[in-house]
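**Q** Below: one structure in structure tokens.
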Amino acid sequence: MIRSCQQIVNGLVNLLMEYEKSDKIRLVGCVTALHSFAQIRAQLLVEHAISLEPYLNIKCVSNEQIKFLALLAEILEQVI
């Protein structure tokens, strides 16, 4: 079961990188799912912390970006 969850997290992080330039709604959806996994088992995201950290530097100009940044900060707090 943990392995399946790790595969889902890996896929979500890959999608996050794919959606970062094109689809802000799906980007928030990915980070929301990752946030749920982080709340349940933060260790699943440890290997992705370095990949997620640069997203903290985005400039927020929309509600989607604000929500994305808030969720991402909470994920990284739990992981680090």
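**Q** Between a first residue in segment 45-59 that is under 16 Å from L15 (Cβ atoms) and a second residue that is open to solvent by 60 Å² or more (accessible area, probe 1.4 Å) and not in a loop (DSSP other than H, G, I, E, B), which pairs have beta carbons less than 9 Å apart while being 6 or more apart in sequence or on different chains?
**A** Within 9 Å, the pairs are L45/Q78; S51/M17.
**Q** Now for a separate question. Could you tell me which residue of segment 18-32 is surrounded by the fewest Cβ atoms within 10 Å (Cβ to Cβ), considering only residues that are of a type in the set (A, V, I, L, M) and within 13 Å of I58 (Cβ to Cβ)?
**A** Within segment 18-32, the match that is surrounded by the fewest Cβ atoms within 10 Å (Cβ to Cβ) is V28.
**Q** Could we say that Q65 is open to solvent by 60 Å² or more (accessible area, probe 1.4 Å) and either among the β-branched types (V, I, T) or in a helix (DSSP H, G or I) (or both) here?
**A** Against the criterion (open to solvent by 60 Å² or more (accessible area, probe 1.4 Å) and either among the β-branched types (V, I, T) or in a helix (DSSP H, G or I) (or both)), Q65 does not qualify.
**Q** What residue, among those in segment 36-57 that are buried (at least 17 other Cβ atoms within 10 Å of the Cβ) and not hydroxyl-bearing (S, T, Y), is nearest to F68 (Cα to Cα)?
**A** L52
**Q** In segment 14-35, which residue that is assigned to a helix (DSSP H, G or I) and either touching a strand residue (DSSP E or B) at 6+ places or on another chain (Cβ under 8 Å) or farther than 15 Å from L69 by Cα (or both) is modelled with the lowest pLDDT?
**A** Ranking the qualifying residues of segment 14-35, first place goes to E18.
The values are calculated or read from the model by the stated rules, or taken from the named source; none is laboratory data. Not measured: the values here are computed from a predicted model. Here the Cβ is made from the backbone with ideal geometry for all residues, glycine too, and neighbour counts use every protein chain on show. Heads up: the accessible areas ignore ligands, DNA and RNA and are worked out on the full protein's heavy atoms, side chains in. Shrake-Rupley method; radii C 1.70, N 1.55, O 1.52, S 1.80 Å.
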